[in-house]
Structures are given as C-alpha cells and as structure tokens.
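Visitor: To start, I am sharing the structure in question, which I have written as structure tokens.
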Amino acid sequence: MTTGADLLALSPVLPVVVLDEAEQAVPLARALLRGGLRVIELTLRTPAALAAIERVAAEVPDIVVGAGTVTTPEQAEQATKAGAAFLVTPGCTDRLLDAVAETGLPFLPGVSTVSEALRAAERGLSALKFFPAEASGGVAYLRAMGGPLPGLRFCPTGGVTPGNAPEYLALPNVGCVGGTWLTPKEALAAGDFARIGALAAKAAGLRQAAG
C-alpha cells in the first residue's frame, strides 16, 4: 500500500476503533482478520492508542494498521514512530497536511465541504475522508459532490451504520466507509472477540449488498 487510493481498496469497511487498553489491540486485530477485514484504524483518542498501534504492527503483520484522529504534527510523528502504516485526519489545515505529508505515509485527510475537498485536490490528493458524514449531508451530499469533483474518492465516516453503509458504497465516488459499529464497547469490555469477528464478517460482505 503506497497511496490513499490503495487504502480505500483494502476493505469495504475501515474499522474505526477507540481502545482504552493496549492489551485489547492484538486479539481485536486478529478477530477482524478472521472476519475478512484487512485494515484497522486505531484512533489517537486515548493514552493507549500509540502502544496499541505498536503491538498490532509487531504482532499482526497481515493487517494494515493506521492511526486515526491525527490532529497535530506531533501526533503524526508519534504515530509514524509507533509503526502506523497510514494516517487519517478529521480535518485538513495546511499545517497538519504538511506534517502528515512529511511522514511519507499514505493518508486520508478529512473534509466536509467542497472547498476543503478542492484544497486537498490542489495538493494532488484524490482519496479523502468525508467527516462527519451524516451530519454533513450524507449520501446526498457525496452524490452531489461527484458532479464537479469526479476525480475524488471518499471514505465517509461518522454516523455510518450497517443500515446505510450499502447506500454509501453504491456511490461511484466512495471507496470504503469508516465504521465504529464493529467494536462495541460492551464487546471489548467483555473480551468478546468472537462477536467482533462475526460483525467483521458481515461488514466484509457489504460491498455485495451495495450492488
């Protein structure tokens, strides 16, 4: 994987995960792999995130592990050192885009407007995160954006569910969706990785459901 476009093609659903305990990372990653998903985004929202990325990168080489919720240049550097294979940002300030690009890793910059998408396109970026997807107009907004910006493709995240994911995936400018539903808090707390694996298996089949 060398580009954001490659990242969009890995799985129909990009699991977006918040972990409170780094010890959960490896069994979680293995459960997702068993379900047929080859990628995981561990968000930098908790103190455990960087250690979790390190563990997955070292112990589960068959899954592509990335860092999400990258909001500062310092976090971009820390995630890279931890072994992240890609980065995801919720927004796209010039300072943050510069820092993420300097890591040399593929990344998905977050956008929610046409102007932000154009800013990313002016930098040569064609694979973007659309966030927060549902709050920003959802399927209808992305469909409309495809008219003036046909060269851009998106990973919508934020409010995406098993119910509406097929609608997003049916759009020609959507490569994958980001989903938090694959790792319910109660399942993580109970160590119920069999349940997470089953949810991953259903998610792996969503592209067929989208037609």
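The values are calculated or read from the model by the stated rules, or taken from the named source; none is laboratory data. Everything numeric here is computed off the predicted structure, so don't read it as measured data. Every residue, glycine among them, receives a Cβ derived from its backbone with ideal geometry; neighbour counts consider all protein chains shown.
Visitor: Provide a single number: the residues in segment 1-36 that are more than 21 Å from E186 (Cα to Cα) and either part of a loop (DSSP other than H, G, I, E, B) or without any contact (Cβ under 8 Å) to a residue 40 or more places away in the chain (or both).
Guide: Number of matching residues: 8.
Visitor: Here is a further query. Identify the single condition in (1) part of a helix (DSSP H, G or I); (2) surrounded by fewer than 16 Cβ atoms within 10 Å (Cβ to Cβ); (3) in contact with a Ser or Thr (Cβ under 7 Å, 6 or more places away or on another chain) that A201 does not satisfy, given that it satisfies every other one.
Guide: (3)
Visitor: For T69, are the conditions met, namely being at pLDDT below 95 and of a type in the set (S, T, N, Q)?
Guide: Against the criterion (at pLDDT below 95 and of a type in the set (S, T, N, Q)), T69 does not qualify.
Visitor: Working carefully through the options A52, A58, A67, find the one that is within 23 Å of V13 (Cβ to Cβ) and in a helix (DSSP H, G or I).
Guide: Within the list A52, A58, A67, the selection yields A52.
Visitor: Something else now. Is segment 37-44 home to any residue that is touching a residue at least 40 places away in the same chain (Cβ under 8 Å), in a helix (DSSP H, G or I) and within 17 Å of the chain's Cα centre (by Cα)?
Guide: no
Visitor: Next question, about the same structure. Does any residue of segment 101-108 turn out to be surrounded by fewer than 16 Cβ atoms within 10 Å (Cβ to Cβ) and under 16 Å from V13 (Cβ atoms)?
Guide: no
Visitor: Scan segment 142-167 and report the pairs whose first residue is under 19 Å from G124 (Cβ atoms) and whose second residue is in a strand (DSSP E or B) and among the aromatic types (F, W, Y), with Cβ atoms within less than 9 Å and a gap of 6+ or a chain change.
Guide: The qualifying pairs are M145/F130; M145/F154; F154/F130; C155/F130.
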